[in-house]
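Written below as structure tokens is the structure these notes are about.
Each reported figure results from applying straightforward, stated rules to the coordinates on display, with no laboratory input. Just so you know, these numbers come straight off a predicted model, no measurement behind them. When we count neighbours, we look across all protein chains shown, and the Cβ atoms used for this are built from the backbone with ideal geometry, even at glycine.
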Ligand code: NA7
């Protein structure tokens, strides 16, 4: 048995969220972090002037709406200390510290195919085994210091910006040499120039930079902005770079020169790099279009720097703007007007050596008291290359990647089962707003691990074919742009000897996300999922129960609630009162009215929830309760929550219950109600059926009946841990046989006995929809399943059959949840999360 379900390597933005997400899924996790604090990049890069070049409102987690509302950024672009404070706040708020081990560097991760476990070694000589390994080691963490001859002989101190002394450095009165003029050099230079007696900037390649226009965040702006944060995040997720950028939508080449200037001046005045690159559709793909931006920026440099010779040296000419990171600074170019700053062009006058007293170039000598290297990183692959990672048959990752990194979707690599990389090579990663890409990867990886665990797959491994095809796609997209034209760290050009491979994926954050989702939806297409353990060996992973769900189970045990199957229907119904009281009321809904629907067998009471006046469509909802208990009243809280989340009318149906009314009474009422709503209430707008448990059964059956009898057209069927088959001989029934998880096998047998006393009737597809001979032509489905639920596997089976019949299916599995959790709003946070997810799916299906 492995020590842990998952080891996470690193505790920066990625590792921190991975700990939270994996733990929330009920997995045991431990993150190892080399630093003495969390934060990764934001921990190490504490040099003066360190600041994020993505706006704070974008460069922050979106997974928690509460966090998003509570936290206030002080500046438009956050400085390093503030980002670090934010990350520490996140760790405090979500109680992540117990699962993060600081001051511990992972030095090796070795795969054992026999046990299907990773052995992870750390520099404290400890060893842990884990089923899965999530590499969150950072894209820019392996810093590089150029191998200058004589560096060891230098008498003064030298620093790399990424390992800056935490106590700070005082350069007052010193002669300082700065090597490197990338994003970092440009940020640190003005800070040093401010205090040093003299600053020599050794520039190899001039860089484009645009202003930040950094400023304090206006509280009123923040207040208004936060009211639309959720929608804004959605836009970010669907965008090209992970930040919603308003482009003109036009081609720069086709734009009249005046108009072009106006656009650029506006953006120059507003500040920020992405608005420049996104201003016109062809800036990043057409050299002539790109030149219009490049020349605009060069003009601004010439305007700012007084000495024309220095200005010319500072003007980049050798690569398209944006093909290297477009830098941002409010004071870099103006710094060259200071008398104590000298620009040294080491392209024409290369650095030859470091001497005890300074730096010698081909043509000169610069006496220095300190040297600062802002010389960048072995990006994207460097951090992994520094760990001894060995996959199947002991193959080292460095060997596999000797000719350049290869990874399927940038998230997994063939030959390294159960290992995932957050923002790895082949994903949008460093070409996007990292936080958006990190969240997307962490969530995808968590879902994938949950899927493997709940299906008892021991190994998840990308296939070489999928990896190859994806790699070719990444390159094809890259070479359709101007990016490969620069000697940038995106292609590894900054590291001597590194194979030149374009590492990040440029296809866009939104497009990439959609592809990843498709892969997952298709049952992890391009991955092989295997159960490869030797006979008799138990799986190492145990999926724990969500703590709030566990409290509910404990509460029931403490109250001595007897199992359903030991009670009479009357007792079971009466027993729901305390559950209802525990759940409490649902949210306020603008209008709620009770109606009577004329059914073929009599009146069917129902309740209409209308959260807004102009509903985009109608959901017909069937409550759960095994066809024996439950009512519109009992389910009021969760149906309200769903109505608010979906933002549309929801009609909750009080169908007839067993044993007083046996099959097909409930499904007849359910279907009659649907037909009536379609003709009398929905007004031609989209219609959705939904239900949980036995209600999920009625929803699936109503969809079948509607198809079979050319009844109402449905935009979606929402099936929340639905009953889809009467066969109780499934793995999930065996797992929960005799165990009290709200519902167990004996309970389910009891429900079937009451609903369909005639066993032959149970195979009727209108009782067991999984038995329908043909699933084609059914409406798209959103299937939700819970791990600790005997109904789990029939939910999976139903989703699989729909998919096989080419019905679009979105399947969401809650890996630590129990049967019935969806009704427990106010008690289990995942109930609200599920309602939000279902609400979004319903809105989308209604064309919202
Ligand atoms: P970068 O962008 O890799 O910049 C490194 C700088 O150091 C760049 O100007 C390099 O010149 C220069 N460099 C590297 N090696 C040498 C040698 N041997 N001699 C002279 N100059 C050298 O790293 P940053 O830390 O600035 O930024 C990294 C990312 O962090 C940034 O893109 C943002 O995403 C945040 P070169 O251009 O290679 O000629």
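The distance between label points at residue 235 and residue 468 comes to 4.3 nm (points 7 Å beyond Cα on the Cα→Cβ vector).
Could you compute the FRET efficiency for residue 220 and residue 559, with r as their C-beta to C-beta distance and R0 at 56 Å, rounded to 0.05? Could you put the intermediate results ahead of the total?
On the way: r = 50 Å, r/R0 = 0.90.
Efficiency computed from Cβ-Cβ geometry: 0.65.
Only Cα sites of the range 242-284 enter the Debye sum here, all with the same form factor; the resulting log10 I(q)/I(0) across q = 0.14 1/Å is -0.27, listed in q order.
Between Rg and the Kirkwood Rh of the range 198-307, both from Cα atoms, what is the Rg to Rh ratio?
Working: Rg = 16.7 Å, Rh = 16.2 Å.
Here the Rg-to-Rh quotient is 1.03.
The alpha carbons of the range 73-182 occupy a box of 60, 43, 25 Å along the principal axes, longest dimension given first. One chain, two ends: residue 600 and residue 727. Fully extended at 0.36 nm per residue, the span grows by 42.7 nm beyond their Cα-Cα distance. Cα centroids of the range 1-58 and the range 63-107: 9 Å apart.
Translational diffusion coefficient, Stokes-Einstein: compute it for the range 622-690 using the Kirkwood radius over C-alpha pairs as Rh, at 4 °C and 1.567 mPa s, and state it as an integer in µm² s⁻¹. Could the numbers behind the result be given before it?
Numbers: Rh = 12.9 Å.
Estimated diffusion coefficient is 101 µm²/s.
The spread of Cα positions in the range 642-784, taken along each principal axis and listed from longest to shortest, comes to 47, 32, 31 Å.
Using a Förster radius of 22 Å, what is the FRET efficiency between residue 85 and residue 166 based on their Cβ-Cβ separation? Nearest 0.05, please.
Numbers: r = 15 Å, r/R0 = 0.66.
For R0 = 22 Å, the calculated efficiency reads 0.90.
Taking 0.36 nm per residue of sequence separation and removing the Cα-Cα distance, the residue 737/residue 125 pair yields an extension gain of 216.0 nm. A straight chain from residue 588 to residue 398 at 0.36 nm per residue would run longer than the Cα-Cα distance by 62.6 nm. Counting neighbouring beta carbons within 10 Å and listing from fewest to most, the residues 680, 693 come out as 680, 693.
Take every Cα pair under 8 Å whose residues are at least 6 apart in sequence, average their separation, divide by the length of the chain, and the relative contact order is 12 percent. The simple spin-label model puts a point 7 Å past each Cα toward its Cβ; for residue 69 and residue 511 those points are separated by 3.7 nm. Between the Cα long axis of helix 636-646 and the first principal axis of the chain there is an angle of about 40°, rounded to the nearest 10. Per residue, the chain reaches -10000 deg cm²/dmol at 222 nm when only DSSP H runs of four or more residues are counted, each adding -39500 (n - 2.57).
Here the range 197-238 is scanned for amide nitrogen atoms under 17 Å from the site 7 Å beyond the Cα of residue 367 along Cα-to-Cβ, giving 197-200.
Using the Cα atoms as the points, what is the convex hull volume per residue of the range 754-848 in Å³? Write down the numbers at each step before the final one.
Details: hull volume 11.3 nm³, N = 95.
In the range 754-848, the Cα convex hull volume per residue is 119 Å³.
Here 455, 754 are placed in order of increasing Cβ neighbour count within 10 Å, fewest first, which gives 455, 754. All distinct Cα pairs of the range 1-112 go into the 1/r average, and the inverse of that average, the Kirkwood radius, is 14.9 Å. Computed over the chain, the P(r) tail beyond 44 angstrom holds 36 percent of alpha carbon pairs.
Ranked for footprinting exposure by Cβ neighbours inside 10 Å, fewest first, 724, 392, 667, 227 give 227, 392, 667, 724.
Remark on the range 647-729: Rg and Dmax equal 12.7, 43 Å (Cα only). Rg and Dmax over the alpha-carbon atoms of the range 40-101 stand at 12.0, 32 Å. Residues within the reach of a label modelled at residue 806 (point 7 angstrom out along Cα to beta-carbon, backbone nitrogen below 19 Å), restricted to the range 497-531, are 518-519, 521-523.
Against the main long axis of the alpha-carbon atoms of the chain, helix 434-454 sits at an angle near 40°.
With one equal scatterer per alpha carbon and no solvent term, the Debye-computed log10 I(q)/I(0) for the range 134-246 at 0.11 1/Å reads -0.63.
For the range 259-366, the extents of the C-alpha atoms along the principal axes are 52, 28, 20 Å, listed from largest to smallest.
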